[in-house]
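Working notes for the structure below.
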Amino acid sequence: MGEYVAWARSLAAELTTQGLRVKPDPPHTNTFLVFAAGTREEVMERKLAFMEREKVEPCGGWYPAQVPGTVMTEVAAHDAALEHDAKQVATWIAEIVQG
């Protein structure tokens, strides 16, 4: 579990450098939330296009957050996550939400 938490913290730190917000910051466990500006429809459309192009799913589904104009997703670090560089995954997620 320690490896998962360390990777989650690495990813969270990289996401904040990409302009995204995470909660909690830093993550207490291997799971945390990511928040970004946008609508669910826009972000999910870009996510699907990204997955078709790259053949990888760097994050789960995006949903409207309580703040209008904001979307959120939950990230959970596990074995498959450890196969990727946290900085690269953060870049992928930022590309998806920021277009």
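Remarks
- Residue match in segment 51-66 (condition: in contact with a Gly (Cβ under 9 Å, 6 or more places away or on another chain) and closer than 19 Å to Gln98 by Cβ): yes
- Set Ala77, Ala65, Ala94, Ala49: member being under 19 Å from Val5 (Cβ atoms) and of a type outside the set (Val, Ile, Thr): Ala77
- Within the chain, strands (runs of 3 or more DSSP E) holding 2 or more residues that are in contact (Cβ under 8 Å) with a residue 24 or more places away in the chain: 31-37, 70-76
- Residues in segment 64-99 that are β-branched (Val, Ile, Thr) and open to solvent by less than 60 Å² (accessible area, probe 1.4 Å): Thr70, Val71, Thr73, Val75, Val89, Thr91, Ile93, Ile96, Val97.
- Among the residues listed as Glu14, Glu52, Glu41, the single one being surrounded by 13 or more Cβ atoms within 10 Å (Cβ to Cβ) and not aromatic (Phe, Trp, Tyr): Glu14
- Residues in segment 19-31 that are open to solvent by less than 60 Å² (accessible area, probe 1.4 Å) and touching a helix residue (DSSP H, G or I) at 6+ places or on another chain (Cβ under 6 Å): Val22, Pro27, Asn30.
The values are calculated or read from the model by the stated rules, or taken from the named source; none is laboratory data. Computed from a prediction, not measured in an experiment: that's the story for all the values here. In this analysis, Cβ positions are derived from the backbone assuming ideal geometry, glycine residues included, and neighbour counts consider all displayed protein chains. Each accessible area value is taken on the protein alone, full model and side chains, heavy atoms only, with ligands, DNA and RNA left out. Shrake-Rupley method; radii C 1.70, N 1.55, O 1.52, S 1.80 Å.
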